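The values are calculated or read from the model by the stated rules, or taken from the named source; none is laboratory data. All values reported here derive from a predicted model rather than from experimental measurement. Here the Cβ positions follow ideal geometry from the backbone for every residue, glycine too, while neighbour counts run over all protein chains shown.
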Amino acid sequence: MRISVQLLSQNDFSTEAYAVGVFNGQGLENELFFLSPDLASAVSAELKRREFQGKEGESCVLPLFQNKQVKHLIFIGLGKKRLLESQSVRSFTARAIKAANGVQAGELSFDPGLMDDLEDFSAGLQAAAEGLELAAYHFSVYKKRTAKEAVKKYKVESAVFYTRDKKNTLKSQKVLEWAKVYSEAVFLGRDLVNTPSMHMHPAEMVKVAQSLAVRGSGISCKVFDKEAMAKLGMHASLAVGQGSVHEPKFVHLIYKPKISRKAKKLVLVGKAVTFDSGGLSIKPADGMIDMKIDMAGAASVLGVFKALAKIKPKAEVHGLFAAVENIPSGSAYRPGDVVAAMDGTTIEVENTDAEGRITLADALAYGTQKIKPDYMIDLATLTGAVIIALGSDITGMFCSNQDLKNKLQQASDAAGELMWELPLHAPYRELIKSKIADVKNVGGRPAGTITAALFLEKFVGQTPWAHLDIAGPSYAEKENKPELPVGGTGWGIRTLLHLIRGL
Ligand code: BES
Ligand code: ZN
Ligand code: ZN
């Protein structure tokens, strides 16, 4: 899709679909400048007749038969009148492109009111462009050809944000490039999550990581196979993966900026369980259906790296994941086993379905010991309990450091990806005490998300660290937001890119 910001010229204005945002209870003013006064008031009357009020999420499409300049009008409700925040802009353009695709428009234009009323032009434009890109995502690799072609056919090919201010057109190019880079990174994350586990096992994840380390990207990639992992002492991850025919792999991606002397060092760790059956503590059928998504944390890390090659930030960024498949077999690890992580901490396995934290133990210990970063952030589809607590829109966030917490919160606001802080409540450390090992991998049902985080805390030493439990928002079962089509969402990629650009 081509996206541009153009100066409005009222004289020769024409477009296939024209989108207007309407605040709740507000009538139209001069948005329909290209219509005769009679037709403009007929449109207003029709909106009234359809009881379109401009409530958030409301939309109405009107065809303009035989009108030479504009074929379809698309009205999108914006809710209460206020300064538009990035998130409302993102949802607005996402709704508009869905409506435009619905009437098979190849071209979509926006009323200049959108660009000219933004509080922060760059942030607003980036959100607007992201809304268009993110909503237009389709995962059709597994569809028959005809269906794929159908998806392609009804797609807006060109989108124009009109403005009455020439300055805006000059400022737009770079911002539109960022939006494209961010969206392509999100698409990689979504594709990886949507791909079935049969085609997204550990060796495949390695291939994806290696494909990002091309010349000129600033990215390099180290891969550790089973033997190399054993040498490093990653017996915890190896235990989780020992039931599968797909051998575990450990990946270390490195992005180095050109000037690296004073660069801040950030480690990103992703959970990469390519399928989570639960292992011998097997999941019931219903709970297993979506478990191809259990590598969403690593998928987001890979998405971030895809963008780093283009953004070329000042910070040094490391991406780590232990890719394993958690599956029962004669060689699978068992409840009751005791395994040692890379830093020597021994873990009693009470439940083989609490496997994510066992693999993260090695990755976090590797990050702490080998990289000694300024900040470390992990993303993991770690607990079902966080979905009970916060649902599908919100990530559970834990953070040991105020500076990192502020940075994350700012970045998450800019990206419109919600998170809510949960406490690293020290007294609950009691719940994961083991009688025979240093720690056990489950702490019972109460506060399941917190005890999982307290388990991870044992492997980060003094590193300023944040843990993001993304089990809820990494996957959209229903389309709750127009910019998040059903399936993998790529949650966290845009938040982390905002954070990295600020380091
Ligand atoms: N991968 C799951 C968590 C999950 C559940 C992610 C649903 C996305 C959707 C994780 O490995 C798991 O199974 N956790 C268990 C832990 C329990 C055994 C302590 C859980 O949450 O039930
Ligand atoms: Zn599990
Ligand atoms: Zn899992």
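Details
- Any hit, the range 375-393, residues being assigned by TED's automatic domain parsing to the domain that holds residue 301, away from ligand 3 (no atom under 16 Å from the Cβ), farther than 24 Å from residue 278 by Cα and more than 19 Å from the chain's Cα centre (by Cα): yes
- Hey, residue 448 farther than 30 Å from residue 312 by Cβ and of a type in the set (Gly, Ala, Ser) or not: yes
- Residue that is assigned to a helix (DSSP H, G or I), within 16 Å of ligand 1 (Cβ to nearest atom) and within 30 Å of residue 336 (Cα to Cα), where the choices are 236, 203, 230: 236
- Residue in the range 102-118 that is assigned to a helix (DSSP H, G or I) and at pLDDT 95 or above present: no
- Filtered residues of the range 31-43 (kept if at pLDDT below 95 and closer than 21 Å to residue 95 by Cβ): 31, 32
This table checks each residue for (1) assigned by TED's automatic domain parsing to the domain that holds residue 480; (2) on the phi > 0 side of the Ramachandran plot; (3) over 26 Å from the mean Cα position of the chain (by Cα).
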position: 50; (1), (2), (3): no, no, yes
position: 62; (1), (2), (3): no, no, yes
position: 79; (1), (2), (3): no, yes, no
position: 93; (1), (2), (3): no, no, no
position: 98; (1), (2), (3): no, no, no
position: 111; (1), (2), (3): no, no, yes
position: 119; (1), (2), (3): no, no, no
position: 123; (1), (2), (3): no, no, no
position: 139; (1), (2), (3): no, no, no
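- Test for residue 271: is it of a type in the set (D, E, K, R) and away from ligand 3 (no atom under 14 Å from the Cβ): no
- Residue identified as farther than 18 Å from residue 441 by Cα, of a type outside the set (Phe, Trp, Tyr) and either away from ligand 3 (no atom under 16 Å from the Cβ) or surrounded by 24 or more Cβ atoms within 10 Å (Cβ to Cβ) (or both) among 360, 320: 320
- Residues satisfying the stated conditions in the range 430-484, i.e. of a type in the set (Val, Ile, Thr) and either touching a Cys at 6+ places or on another chain (Cβ under 6 Å) or within 16 Å of ligand 3 (Cβ to nearest atom) (or both): 442, 449, 451, 470
- Number of residues in the range 269-287 that are within 11 Å of ligand 1 (Cβ to nearest atom) and assigned to a loop (DSSP other than H, G, I, E, B): the value is 8.
- Looking across the range 245-280, the residues that are within 14 Å of ligand 2 (Cβ to nearest atom) and over 19 Å from residue 465 (Cβ atoms) come down to 273, 274, 275, 276, 277, 278, 279, 280.
- Any hit, the range 248-257, residues being within 16 Å of ligand 1 (Cβ to nearest atom), assigned by TED's automatic domain parsing to the domain that holds residue 350 and in contact with an Asp or Glu (Cβ under 7 Å, 6 or more places away or on another chain): no
- Candidates 299, 354, 263, 315 - the one that is over 20 Å from the mean Cα position of the chain (by Cα) and within 16 Å of ligand 1 (Cβ to nearest atom): 354
- Criterion (in contact (Cβ under 8 Å) with a residue 40 or more places away in the chain, touching a Pro at 6+ places or on another chain (Cβ under 9 Å) and not basic (Lys, Arg)) met by exactly one of 267, 193, 181: 267
- Qualifying positions in the range 279-304 - closer than 24 Å to residue 342 by Cβ and surrounded by fewer than 24 Cβ atoms within 10 Å (Cβ to Cβ): 280, 281
- Those residues of the range 454-503 which are touching a residue at least 40 places away in the same chain (Cβ under 8 Å), of a type in the set (S, T, N, Q) and away from ligand 2 (no atom under 16 Å from the Cβ), in sequence order: 463, 480, 489, 495
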